[in-house]
Amino acid sequence: MNKIFETPLYPYARHTDEDASVPVRHRVIVVGAGPVGLAAAIDLAQQGIEVVILDENDKVSFGSRAICFAKRPLEILDRLGAGQPMVDKGVVWNLGKVFFDDRKVFEFDLLPEAGHQRPAFINLQQYYFEDFLVNRVRELQAEGAPIEIRGRNKVSAVGTHPEHVTLEIDTPEGSYNIEADWVIACDGAGSPMRAMLGKDFVGRVFEDNFLIADVIMEADFPTERWFWFDPPFNRGQSALLHKQPDGVWRIDLQLGWDIDKEREKRPENVIPRLKAMLGEEVEFELEWVSIYTFQCRRMEQFRHDRVIFAGDAAHQVSPFGARGANSGVQDTDNLIWKLRLVMEGKAPESLLDSYDHERVHGADENILNSTRSTDFITPKSEMSRMLRDAVLDLSEHYEFARPLVNSGRLSVPCTYDGSPLNSADALDGPERTRPGSPCPDVPLGDSFLLRKLGDRFTLLTIDAEAPDLIEEDGIEVTRLALSIKDDPTLALKERYLGDATSAVYLIRPDQHVAARRSSFDEPLFRAAIRRATGKE
Amino acid sequence: MSDLILTPNIDSADDFYAELLATHEGLETADSNALNARLVLILANHIGDRAVLSQALRAAKLKEEE
């Protein structure tokens, strides 16, 4: 099998920058070509901002790693022109089963709400995710967009200045210096950029190890998420089975703290464990095995002058709930429009502080949720375990206990309550679309609302009058006029009006609500635009 | 007469569970058990209804309803 994660996708090629006598200045440099770095760079390039991506490697992620991508990141990828191939390739699942000891205690259906273009989740190996993003970079390049990836370009030193950043880069042919107006560091949980700047990364370490294996098998396990607490084949620990594309199954086995990692990774030790789980007769091939430990921690601040951190480099969570790559893509969604406005001189640099405010809030929410899942999966005391087991026993008999079972609270986007960019809510409308909320999708005939929102400020009017275009201090806001009649399913009414009969929403380029009222009021909406761009 | 509620009835169930664990944090098992016993009695008093309490006692045994 020809594995894409063994093929150099962006091999090293000597760049003229390496021979320049004076370091060449770029507008933005993104460090790290993982899911987060690629998403950031594509967003910039689509908006016409020149960007160079540096990666110390030249391949996509080795092994499946992040495998679960949620609706909101898929919607962001749609905006980046890369959503469809992901959804086409990914495995959609809705049913989860929970096992305790030797029995199934209950099953749940994610019951995705109707009227969204994208599913609640897809399973897709990280290497495909990155591969599709690299394809999108190539597509943009073919269209002449200012974006490039430099493989095997490892940052070895960083210098920060008031107006720019200098980077020293090691390549297979030596080292060179370049400069950038802005640097986005997306170089992962072990972030060398963070270390070079001497920034803290504090939080909680979990004393546990998980064996993860990608297994290729022709098995008739259904497309479901199966989670075991204390199963006979892995006593006192947990296990997870999840389907990926290409007949690859992802298996996570909790191993506990005191283990010999190198020994546990050897096939002669992995295979008996898997046979105990899958059954002696099931034939399979190991594609990739790894052991991971995890921590929940974040940087105090994500922005350090002209170096801005995103993704795992800024915050790390335990894997339960698929909140790593998913939240990293949301970081870039939040950051790039702000950076563009600042670079174009249309917003003050302080707008970038709201990135810190909003995404620290998001990271804290993710850390809280994934820490609670970890505490449920790995009880810390005898009483925690007793309560956990009581919840599981009760869940088999009574519905009330099922919401307490926590094998991961799956990633949902954060609402930026309390953000300085929000205007006070002035609509007696639904809670889910209050200022700070990510816009929920709505079917509109043969299209969807989020498709129409795009990546600029929008004034969404529902059965309300407003100008088609407002310009406020360099910020253009285009109207999208809708009526509840446009959606016979009434999702538009239910999600954006509630009991109100009309509404005007100011929607940010990242498709979060900035302000809403029942009708258009020019001075108030102008003030809301200024507030949403850091000018009030 | 009201019936014992066995469908989800706690707002922000994850917050409640985290608070429950936090209440036990740092206690020896014997002290934790004693805390649980007190908690059962406090909650029982709050419920008050004898019929509901009897249903709850049976439900906790995980035996199917007779």
What's the center-to-center distance, using Cα atoms, between the range B:15-40 and the range A:87-119 in Å?
-> 33
Rounded if a/c under 1.5, otherwise prolate or oblate - the range A:229-368, Cα gyration tensor axes | prolate
Debye, to nearest 20: dipole size of chain A, +1 on Lys, Arg Cβ, -1 on Asp, Glu Cβ = 480
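By DSSP, what percent of the beta bridges with both residues in the range A:431-532 are antiparallel, rounded to the nearest 5? Spell out each step's value before the answer.
Values: 16 of 21 bridges.
DSSP beta bridges in the range A:431-532 are roughly 75 percent antiparallel.
Just checking the output field for B:33-39: average partner chain Cβ neighbours within 10 Å of each residue's Cβ? Please list the in-between numbers first.
Working: counts 3, 0, 1, 4, 0, 0, 0.
Mean shielding count: 1.
Enter the mean number of other protein chain beta carbons within 10 Å of the beta carbon of each residue in A:379-388, as an integer. Provide the component values of the computation, followed by the final result.
Details: counts 1, 3, 8, 5, 13, 5, 0, 5, 6, 2.
Neighbouring Cβ atoms belonging to other protein chains average 5 per residue here.
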Which three extents, in whole angstrom, do the alpha-carbon atoms of the protein assembly as shown cover along their principal axes, largest first?
-> 81, 64, 46
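For a quick protection proxy, order the peptides B:13-19, A:339-345 by their average other-Cβ count within 10 Å, most packed first. If you can, show how the numbers build up before the last one.
Details: B:13-19: 15.1, A:339-345: 17.3.
With the highest mean Cβ count within 10 Å placed first, the list reads A:339-345, B:13-19.
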Grab the other residues whose beta carbon is less than 11 angstrom from that of A:Arg138, score K and R as +1, D and E as -1, and report the net.
-> -3
Given +1 on the Cβ of Lys and Arg, -1 on the Cβ of Asp and Glu, and no further charges, what dipole in debye does the range A:392-510 carry about its Cα centre, rounded to the nearest 20?
-> 240
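Let me make sure I get this right: for the range A:350-456, a, b and c are the square roots of the gyration tensor eigenvalues over alpha carbons, sorted descending. Under 1.5 in a/c it's rounded, otherwise prolate if a/b > b/c, else oblate. Which is it?
prolate
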Rounded to the nearest 5, the percent of DSSP beta bridges in the protein assembly as shown running antiparallel is 70
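Determine the sum of side-chain charges near A:Glu285: Lys and Arg each +1, Asp and Glu each -1, restricted to other residues whose C-beta is under 11 angstrom from that of A:Glu285.
Numbers: positive: none; negative: A:Asp214, A:Glu218, A:Glu283, A:Glu287.
Taking every Cβ under 11 Å from that of A:Glu285, the sum is -4.
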Could you please report the charge total around A:Lys89, scoring K, R as +1 and D, E as -1 over all other residues with beta-carbon less than 11 angstrom from its beta-carbon?
-> -3
If packing is taken as the mean number of other Cβ atoms within 10 Å per residue, what is the order of A:431-443, A:305-317, A:139-151, highest first?
-> A:305-317, A:431-443, A:139-151
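Could you work out the per residue convex hull volume over the alpha carbons of the range B:13-60, in cubic angstrom? Each step should come with its number before you reach the end.
Values: hull volume 4.3 nm³, N = 48.
Roughly 90 Å³ of hull volume per residue.
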Computed curve, the range A:30-74, Cα-only Debye sum without solvent term, log₁₀ I(q)/I(0) at 0.13, 0.19 Å⁻¹, is -0.35, -0.70
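What shape does the range A:1-53 take by its C-alpha gyration tensor, where a ≥ b ≥ c are the square roots of the eigenvalues and a/c under 1.5 counts as rounded, a/b above b/c as prolate, and the rest as oblate?
oblate
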Using just the alpha carbons, could you tell me how many Å³ per residue the convex hull of the range A:431-532 encloses?
-> 87
Exercise: per-residue mean of other protein chain Cβ atoms within 10 Å, A:397-404 = 6
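If contacts are Cα pairs under 8 angstrom and at least 6 residues apart, what is the relative contact order of the range A:431-532 in percent? Please report the intermediate quantities before stating the final value.
On the way: 183 pairs, mean separation 33.9, N = 102.
In percent, rounded to a whole number, it is 33.
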Set A:Lys3/A:Lys261; A:Lys97/A:Lys275; A:Lys59/A:Lys104; A:Lys89/A:Lys380; A:Lys346/A:Lys485 screened for pairs whose C-alpha atoms are more than 32 Å apart | A:Lys59/A:Lys104; A:Lys89/A:Lys380; A:Lys346/A:Lys485
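Can you compute the helix-only [θ] at 222 nm over chain B? Use -39500 (n - 2.57) per DSSP H run of at least 4 residues, normalise by all residues, nearest 500 deg cm²/dmol. Write down the numbers at each step before the final one.
On the way: 3 runs with 42 residues, N = 66.
Counting only the DSSP helices, I get -20500 deg cm²/dmol.
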With N residues in the range A:44-97, what two-decimal value do you get for its Cα radius of gyration over 2.2 N^0.38 Å?
-> 1.46
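Every number here is computed from the coordinates shown, using simple stated rules; none is lab data. Owing to the predicted nature of the structure, the values given are computational and were not obtained by experimental measurement. Every residue, glycine among them, receives a Cβ derived from its backbone with ideal geometry; neighbour counts consider all protein chains shown.
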